[in-house]
Every structure is written in structure tokens, then in C-alpha cells.
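The structure appears right after this line, and notes come after that.
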Amino acid sequence: MSFDATLLANAAVSALRAYDPGHDLPTLRQRFGTALSELGSNENPLGPSPAAIVAASEAMAAMWRYPDPVGASLKRVLAERLGVGTGQLVLGNGSHELLMLLAQCFADAAHSVVYSQFGFAVFPIATAAAGAQGIAVPALPADHPDAAFGHDLDAMARAIRADTRLVYLANPNNPTGSSFSDVELEAFMARVPGHVIVVVDEAYHEYVDRPGLSTAMHLLDRYRNLVVTRTFSKAYALAGLRVGYLAADASIAAVLERLRESFNVNGIALAAAEAALGDEAHLRRVRDTNASDRAWLAGELTARGLRVFPSQTNFLLVDTGDDATALEARLFAAGVIVRPMMGYGLGQTVRISIGSRAELDHLLEHLK
Ligand SMILES: *Cc1c(COP(=O)(O)O)cnc(C)c1O
């Protein structure tokens with residue numbers, strides 16, 4: 001008797017493919033040891049604040065208990081930082097979980113969801129998982145002066161239909177590194193009908209240094225249909241612990257709480273995230289190091305004839321001028337992992353994380 005569960009998956013899941021995690025990193029780490037340069041996942045080479053490691057270690061002793069189901073202590077610190085109420089916050093097992101939860105709670109087969117071509121890969125997946133129809137709006141052109149392949153907010157506003165329930169924006173965006181200004185976001189929000197929830201994914205917020213770009217948090221009072229997501233995975237370097245959060249109108253948070261898993265963020269992660277928030281000097285070091293290494297790497301790559309797109313993040317999108325598969329394979333053989341972007345339809349490009357100077361030197365050595 002043949003059994004094939006792929007035929008039994010529900011309609012929404014039938015249309016999906018599993019996330020491509022890239023290379024088998026645990027095996028590669030064994031093979032290459034410290035000679036492996038991991039520049040594929042936008043991890044922070046400085047690691048977390050030492051205070052976060054201490055807090056995580058202390059919290060381990062309580063691992064036999066369930067964690068605080070609402071994360072009250074972390075929420076209090078975040079609420080004060082962000083100038084919102086604790087009832088406006090939802091914590092997630094990474095912000096990925098929150099992006100999925102938003103679609104699950106607010107969209108279904110009767111709705112459409114708008115996002116940008118080359119927008120973060122989770123947006124179409126969350127849309128499909130909810131059974132909703134995705135509307136991928138063509139991105140800005142590659143030769144756009146400050147937002148190559150970025151979100152075309154004007155076209156996105158025009159793409160909103162009567163059945164649209166959600167819009168996903170990433171600012172800055174992964175994998176393009178592109179961003180839009182506060183003024184552009186405000187103009188966009190003014191055009192969006194009140195029944196459409198706008199999600200602004202600010203996973204790279206802490207790395208931003210572009211004048212005129214702060215955060216969508218300032219607009220929460222004015223636009224109750226706005227949601228801002230953030231993560232501890234990037235600048236706070238807690239990717240392995242999985243903590244993210246969102247801020248929104250309390251009524252949005254209350255809907256999300258209906259479906260959120262009760263203990264979605266573990267106690268070690270809660271403790272580490274709270275301690276990480278307290279170490280502002282470490283965050284400044286992370287931001288400064290990233291900014292100078294990003295500029296340095298962009299210069300080195302440009303000098304080697306590659307086209308580097310402007311980035312407000314801890315990675316660079318690089319146009320190799322040709323199918324990027326061969327370059328990626330050559331680097332891989334040398335123990336340098338970068339991320340090819342053909343999955344996004346950007347087959348000539350690779351995404352390179354701003355790793356440590358040693359890792360970036362290793363990369364450049366093999367780019368000659
Ligand atoms: C890395 C990333 C996330 C965060 O993922 P986590 O689940 O919080 O680790 C969210 N959005 C974008 C655009 C990202 O690149």
C-alpha cells in the first residue's frame with residue numbers, strides 16, 4: 001500500500017515548498033573548523049553582550065520550569081524604551097513567528113496580501129500558509145539611485161484592493177539592503193485604508209545610519225493599523241535563542257494573543273534579551289564596527305569590479321555580473337559561505353554578511 005502524505009496536505013500547504021536552509025553547517029564546521037567563514041546568515045560577528053551570556057547562564061538553572069508565558073519583565077523594559085504600553089507588545093520565537101502569526105490571524109482565502117518583489121522571503125510564505133492571495137508588486141529598478149530593487153511604495157499603495165487585509169514592508173529590506181525614509185512611509189500610510197494592516201519589519205533597525213530614516217514606531221499613535229516588528233537575532237546577536245517582538249495597537253496585540261503559543265519564548269531567551277537591552281555600549285560597538293566594515297568591504301568589492309548595492313544592514317547585496325553559481329561554488333570550496341539569491345530571482349547576485357575582519361579577508365583572498 002502506498003502512502004503519500006504530500007497528497008493529504010491542505011490546499012494552502014500544498015502550494016508551499018520547505019524553507020531552503022542552505023548548506024549543512026554543522027557538518028561544515030566539523031570539516032573546516034575555524035577555517036570556515038560563515039557569511040551567509042547575517043549573524044553578528046561580535047556576538048552578544050557579555051551581560052546577555054551571564055543572564056542566559058543564570059536562567060539555565062530554571063529550565064525545568066515553564067517560562068513566564070507573557071514575558072512580563074522583558075515587555076516592561078521594551079515598553080519603556082519604545083514609549084508604548086506593555087499591552088501593545090507581542091513577543092515571538094524570533095520575529096519570523098510573528099510575521100507568520102500576523103497572516104494567520106488577519107488573512108484567509110478571502111483576502112489578498114501585498115508585498116514587494118525581492119521583499120523578505122517570509123512574506124509570501126506567511127501569505128500562502130494563511131491561504132491568502134499574494135500580490136508581489138514589482139520592485140524599483142536596479143539603477144534606482146538610493147533604493148535599487150527596493151520597495152516601490154507608490155505602486156504598492158496602488159496595488160491595494162478592497163480585499164487586501166495586510167501589507168508587508170521591510171525597512172531596511174533583506175536581501176536588497178534597500179530602505180525608504182520616514183517621509184516616504186508617512187506618505188504611504190496616509191494612502192492606506194484603515195482596514196488594511198501595514199507591517200513594517202525593522203529587523204535591521206539598529207544598523208541604520210541613513211539620514212531621514214528613524215523608525216515606524218513614531219507613527220503607532222497616528223495609525224492604529226500599523227505593526228512594527230523587530231528582532232534580537234541581528235544587532236543583539238541572539239539568533240540562536242529566537243526572540244523577536246512587535247509593537248502595535250493593543251487590539252491587534254490582543255488578536256495575536258489568541259493564537260500565540262503559550263510558551264513561545266523560552267526563559268533563557270527572555271533573560272538574555274532583557275540583559276542585552278541594558279548593554280547600550282555593546283550595541284554602539286556593534287553598530288560602529290558594522291558601519292565601518294560595511295563601507296570598507298563595499299570599497300574592496302567595488303575595486304574588484306563588482307557592483308555593490310547600497311545597504312543599511314549588516315550585509316551587502318553584490319552583483320557578480322554573471323550567473324553567481326560558479327562564484328558561490330568556488331568560495332564554498334575554500335570554506336567561505338555566501339548566500340546566492342537565485343531563489344529571489346536575482347541569479348547574478350550573492351548576499352554577503354559583514355562578518356569579522358578575518359572572515360572578510362578570507363573572502364577577498366578568494367575573490368581575486
Ligand atoms: C533576519 C530577519 C528577520 C528576523 O528573523 P528572526 O526570526 O527574528 O531571527 C526578520 N526579517 C528580516 C527581513 C530578516 O532579515
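What do you get for Rg/Rh over segment 118-228 if you use C-alpha atoms and the Kirkwood form of Rh? Intermediate results must be reported in sequence, preceding the final value.
Values: Rg = 13.3 Å, Rh = 14.3 Å.
Radius of gyration relative to Kirkwood radius: 0.93.
Surface listing: Arg357, Arg31, Arg351 arranged by accessible area from highest to lowest gives Arg31, Arg357, Arg351, probe 1.4 Å.
When the solvent-accessible surface of protein heavy atoms is calculated with a 1.4 angstrom probe, in what order do Met342, Met217, Met156, Met100 fall, highest first?
Numbers: Met342 90, Met217 20, Met156 0, Met100 50 Å².
If we order Met342, Met217, Met156, Met100 from most to least accessible, we get Met342, Met100, Met217, Met156.
What you get for segment 304-360, charging only the Cβ of Lys and Arg (+1) and of Asp and Glu (-1), is a dipole of about 160 debye around the Cα centre. Along its principal axes, segment 181-305 has C-alpha extents of 50, 41, 26 angstrom, given from the largest down.
Shape annotation for segment 1-104: C-alpha extents along the principal axes are 56, 42, 30 Å, from largest to smallest.
For chymotrypsin sites (Phe, Trp or Tyr not before Pro), the sites in segment 1-44 that DSSP calls loop and that have at most 13 other Cβ atoms within 10 Å are Phe3, Tyr19. Taking the Cβ of Pro138 as the centre, find all other residues whose Cβ is under 13 Å away and add up their charges (Lys, Arg: +1; Asp, Glu: -1). Surrounding charge for Pro138 is -1. Comparing mean-square fluctuations of Gly343, Gly177, Gly119 from a GNM of the chain with C-alpha springs under 10 Å, the top value falls on Gly343. The GluC sites (Glu not before Pro) of segment 182-278 that meet both conditions, a loop assignment by DSSP and at most 13 other Cβ atoms within 10 Å of the site Cβ, are Glu261. Rounded to two decimals, the Cα-based Rg/Rh of the chain, with Kirkwood Rh, is 0.96. Ser116 contributes an accessible area of around 10 Å² to the protein surface, as traced by a 1.4 Å probe with all chains present. All other residues whose Cβ lies under 14 angstrom from that of Ala159 are scored, Lys and Arg at +1 and Asp and Glu at -1, for a net of +1. Averaged per residue, the chain has 45 square angstrom of accessible surface, using a 1.4 angstrom probe with ligands and nucleic acids left out. Identify which of Phe123, Phe263, Phe180 has the largest mean-square fluctuation in a Gaussian network model of the chain, with springs joining Cα atoms closer than 10 Å. Of Phe123, Phe263, Phe180, the Gaussian network model singles out Phe263 as fluctuating most.
Taking the convex hull of the alpha carbon positions in segment 252-358 and averaging its projected area over all directions gives 10.4 nm².
Atom-type composition of the exposed protein surface of the chain places 55 percent of the accessible area on carbon and sulfur (1.4 angstrom probe).
Using the Cβ atoms and a cut-off under 13 Å, what net charge is assigned to the surroundings of Gly194, where Lys and Arg are +1 and Asp and Glu are -1?
Numbers: positive: Arg165, Arg191, Arg222, Arg224; negative: Asp249.
Around Gly194, the surrounding residues sum to +3.
What separates the Cα centres of segment 136-197 and segment 41-84 is a distance of 32 Å.
About the Cα centre of the chain, what is the dipole size in debye to 20, counting +1 per Lys and Arg Cβ and -1 per Asp and Glu Cβ, all else neutral?
Details: 30 positive and 39 negative charges, 64 e Å.
Computed charge dipole of the chain: roughly 300 debye.
Decide, for segment 113-163, between rounded, prolate and oblate: order the square roots of the alpha carbon gyration tensor eigenvalues as a ≥ b ≥ c, take rounded if a/c falls under 1.5, and otherwise choose prolate if a/b is larger than b/c, else oblate. Oblate. Taking the charge dipole of segment 10-166 about its Cα centre, with +1 at Lys and Arg Cβ atoms and -1 at Asp and Glu Cβ atoms, the residue from Ala155, Val137, Thr27 reaching farthest to the positive side is Thr27.
Out of the DSSP beta bridges found with both residues in the chain, what percent are antiparallel (nearest 5)? In the chain, DSSP labels about 50 percent of beta bridges as antiparallel.
The values are calculated or read from the model by the stated rules, or taken from the named source; none is laboratory data. Just so we're clear, the structure is a prediction, and the values are computed from it rather than from any experiment. Note that each Cβ is placed from the backbone with ideal geometry, even for glycine, and that neighbours are counted across all protein chains shown. Just so you know, the surface numbers come from the protein's heavy atoms only, side chains and all, with ligands and any DNA or RNA stripped out. Shrake-Rupley method; radii C 1.70, N 1.55, O 1.52, S 1.80 Å.
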